[in-house]
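Asker: Take this structure, written in structure tokens, and hold onto it; I'll ask about it next.
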Amino acid sequence: MDQPVQRVCPRCARISYESGPRCPYCGSSFKRRGLFGFVVVMAVFAVVVLGGVALMLVAAGNEFDRRINRQVENVHEEFQSDFDQIEQNVRDELDRRLPEPTATP
């Protein structure tokens, strides 16, 4: 004669010694459902997490590009200003060193 085994109901979590296919307390099946639902939930979770990480990386990349572009513009403006100042200094020095043009008769 088969002795009933201790079983835990997956729905109500009560322990019973019932050998039948259903829980005597809540009536649900002792058989667990497949892992398909769990796998689907984990896949959706992974997609959401990876999507969020991807969006954060894209946003960080865009911010990095904006900062780099701003720095490049600042360096370009400083370079242009320095170049203009050097050009003006060279012109002033040439004007100082070269004699005044005289009118030819």
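The values are calculated or read from the model by the stated rules, or taken from the named source; none is laboratory data. Please read these numbers as outputs of a predicted model, since none were measured by experiment. Here the Cβ is made from the backbone with ideal geometry for all residues, glycine too, and neighbour counts use every protein chain on show.
Asker: Taking the stretch 18-63, which residues are surrounded by 10 or more Cβ atoms within 10 Å (Cβ to Cβ) and within 30 Å of Gln3 (Cα to Cα)?
Answerer: Glu18, Ser19, Gly20, Arg22, Cys23, Pro24, Tyr25, Cys26, Gly27, Ser28, Ser29, Phe30
Asker: To continue, here is another question. Which numbered condition trips up Arg22, out of (1) modelled with pLDDT of 95 or more; (2) in the same structural domain as Pro4 (by TED's automatic domain parsing)?
Answerer: Arg22 satisfies every listed condition except (1).
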